[in-house]
1. Looking only at residues in segment B:105-142 that are open to solvent by 10 Å² or more (accessible area, probe 1.4 Å) and within 16 Å of ligand 3 (Cβ to nearest atom), which one is farthest from the chain's Cα centre (by Cα)?
2. Just name the residue that is nearest to ligand 2 (Cβ to nearest atom) out of those in segment B:83-104 that are under 18 Å from the mean Cα position of the chain (by Cα) and more than 11 Å from B:THR226 (Cα to Cα).
3. Of the residues that sit in segment B:406-421 and are over 23 Å from B:GLU452 (Cα atoms) and in contact with a Pro (Cβ under 9 Å, 6 or more places away or on another chain), which one is farthest from ligand 2 (Cβ to nearest atom)?
4. What's the total number of residues in segment B:394-404 that are open to solvent by less than 20 Å² (accessible area, probe 1.4 Å) and not polar (S, T, N, Q)?
5. Note down all Cβ pairs under 9 Å where the first residue falls in segment A:80-93 and is closer than 17 Å to A:THR106 by Cα and among the aliphatic types (A, V, I, L, M), the second is within 16 Å of ligand 1 (Cβ to nearest atom) and assigned to a strand (DSSP E or B), and they're at least six residues apart or on different chains.
6. Looking at segment B:342-360 only, could you name the residues that are farther than 26 Å from B:ASP112 by Cα and within 11 Å of chain A (Cβ to nearest Cβ)?
7. With the checklist (1) without any contact (Cβ under 8 Å) to a residue 24 or more places away in the chain; (2) away from every other protein chain (no Cβ under 14 Å); (3) part of a loop (DSSP other than H, G, I, E, B) in hand, flag the one item B:LYS270 doesn't pass.
8. Please find, among B:ARG444, B:ARG453, B:ARG461, the residue that is over 30 Å from the mean Cα position of the chain (by Cα) and open to solvent by 60 Å² or more (accessible area, probe 1.4 Å).
Amino acid sequence: MPFEPSSELAAYAEKVVQRYPERRSAIMMILHALQREQGRISLEAQEWVADFLEIAPIKVREVVSFYPFYREHPVGKRHIRVCRTLSCALNGGYAVCDSFKQAFETGLDEISPDGRVTIEFAECLASCGTAPVALVDDDLHENLTPEKVRELCESIKAETPAAPRPEPAGETAE
Amino acid sequence: MSRANGDATMPTFSKSAPHPKERRIILANAEDPDFDGTLEAYEGRGGYGELKKAFGMTPEDVCKEVLDSGVRGRGGAGFPAGMKWKFLDRRSGKPVYLICNADESEPGTFKDRQIIHKDPHQLIEGMMITAFAIQAKQAYIYIREEMPYGARILDEAIEAARAKGYVGDNILGSDYSCDLVVHRGAAAYICGEETGLIESLEGKRAYPRIKPPYFPAALGLYMCPTIVNNVETLCNVKHIVAMGGGEFAKIGTTGNTGTRIWCLSGHVQKPGYFELECGKATYGELINDLGGGLLPGRKLQAVIPGGSSAKVLRAGERFTGKLRSGEAFDWGIDDIPLDFDSPMAAGSMSGSGAVIVVDDSVNIVEVLANINAFYAHESCGQCTPCREGSLWMKKITGRMVSGGARREDAALLASIGDQIAGRTICAHGEACAWPTQSFVAKFRDEFEAAAERNPDEWKNREFRLV
Ligand SMILES: Cc1cc2nc3c(=O)[nH]c(=O)nc-3n(C[C@H](O)[C@H](O)[C@H](O)COP(=O)(O)O)c2cc1C
Ligand code: SF4
Ligand code: FES
């Protein structure tokens, strides 16, 4: 089924493309808006982007597959990214990550059984002075400890209704 | 502290009182609790006065002041900004572009974040002065994806500045126009490398370009002459115009002018960012005074003096040689002046100004394993030595930590590092090789002992690093 952009997305794409002398330059900004709206960037959506920017679909897929932030697969309702890099690790970043995983009984890079979160490691989030840190969606949480993580996870659970994932049907997002 | 525009969804950003040893120029407004970063607050403190001053000068005169100031790039390489601008190759007659590198991705660095969040107009003013000086047709800020609020703050600040005629068409009523646009990355470190950044801004994978011929000043964005400067560098331009290049050059020391914002992290009591006059304080003062020293009962093991790609300094190491001035030096880590040239004289670099302190509570092999995992993840994959080598280095340090390392692994590790540096398209090759080369050379015994070690004894450590 061809991808139908929302009117907001279509309007945003028209606006953002004006900011560059070459249409193709708008790809990252459009992909950001698309992923925020859709939760992921499907192959159909990539074809729409390609069409809009007047480039081959493979040029879009090259970009989507290169940058760690873009994803073709869905994630949980909340996206948790724990910094893995040195200054955070020296201050307990790995333990912080374990606490997140325990709270949602999940592993890394998967949707938690309750559907609420996906936990990932991220590389240095440019806040090493308040290590260890993690991003929950757009929000940076600093000076984390396992106790603080437990509290944070409680509030995430309270704010986010569970949506258990369906039985794995053995197929990928594509 | 919340922002005056009353946006309830915007987080608060903490501020720090100045340490007596600091000299705040770039952070003067940003860290002031009474300053909220809005255009009104900025104008209330004389903001955009330097833009007006610059528009009363010729572009050439502004460039001359920046050249005279001696200001060096704050992004990593420390190249004099005025010189870079002079290299702009206008012969093609193509438009000139200005790009602010706000990717802030070298591990340990968190200074640009403070400026963007707390004093966005300082950056915008610095950029518009620079744009005028180089007669740019269009300017971009490339900000990393992981600073979503930073991007929003900049967007709003640019709109406010546009409404006042500081950005956009006919700036300050002149016939000079230049728009400024925020562009967001997507979590790839290599976008901090200026030619990778340019490819990314063109809408492609961030594959760095080979220099020569693709020096941005000649063949940059859309193959047009382009200047890429770091956030902090561009902020300095405003202050250079305010005081004049000659006066600015009196701050700091010869060849190391102005202040620098140092980012201190790792095993210290009070990590943070500190703006210091170049060359007027030492690594020892940064770590022990401003940073409150090591944690109780701990001993220093190593210092990474300029971002995780900088060569490590081992506690107790002596650094000797002759300075450019001909003066002989004999330093321990604590004695190295905080500037551009001194860490280089000590065999490393000041890089992005990120100082990471490592005490004796961790195993140094594991520290390198953590660093190697970063560079292996961030290689763009174009060059075989960097793509394969960074993975091999990660793999070898990984097995040194988890068990199963071989006796010859330390030598193998060093040889892989030696085969990457100098053989790649971009400096990520050096960035990934230098840690391995320096750690193995300076901590040889620890790396050789990894082959004998029972991995179980590592399980008792306070924190895992990989
Ligand atoms: C692998 C790599 C990563 C880099 N990351 C950054 C960065 O995050 N921010 C930055 O300003 N410069 C970074 N640089 C340096 C830029 O390539 C460029 O030299 C700099 O932006 C120029 O600005 P300056 O002269 O004002 O320092 C990086 C360089 C390399 C090789
Ligand atoms: S050195 Fe590494 S990061 Fe740089 S272009 Fe080559 S593979 Fe890419
Ligand atoms: S190392 Fe975690 S924010 Fe820099």
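1. B:HIS117
2. If we take residues in segment B:83-104 being under 18 Å from the mean Cα position of the chain (by Cα) and more than 11 Å from B:THR226 (Cα to Cα), then B:ASP103 is nearest to ligand 2 (Cβ to nearest atom).
3. The extreme case among them is B:GLN419.
4. 3
5. Sorted first by the residue in segment A:80-93, then by its partner, the pairs are A:VAL82/A:ALA122.
6. B:ASP359
7. The one condition B:LYS270 does not meet is (2).
8. On the way: B:ARG444 fails: over 30 Å from the mean Cα position of the chain (by Cα); B:ARG453 fails: open to solvent by 60 Å² or more (accessible area, probe 1.4 Å).
None of the others qualify; the one that does is B:ARG461.
The values are calculated or read from the model by the stated rules, or taken from the named source; none is laboratory data. Note that the structure is a prediction, hence the values are computed from the model and not measured. Please note: Cβ atoms are built from the backbone with ideal geometry, for glycine as well, and neighbour counts cover all protein chains shown. Surface areas here come from the heavy atoms of the whole protein model, side chains and all, with no ligands, DNA or RNA. Shrake-Rupley method; radii C 1.70, N 1.55, O 1.52, S 1.80 Å.
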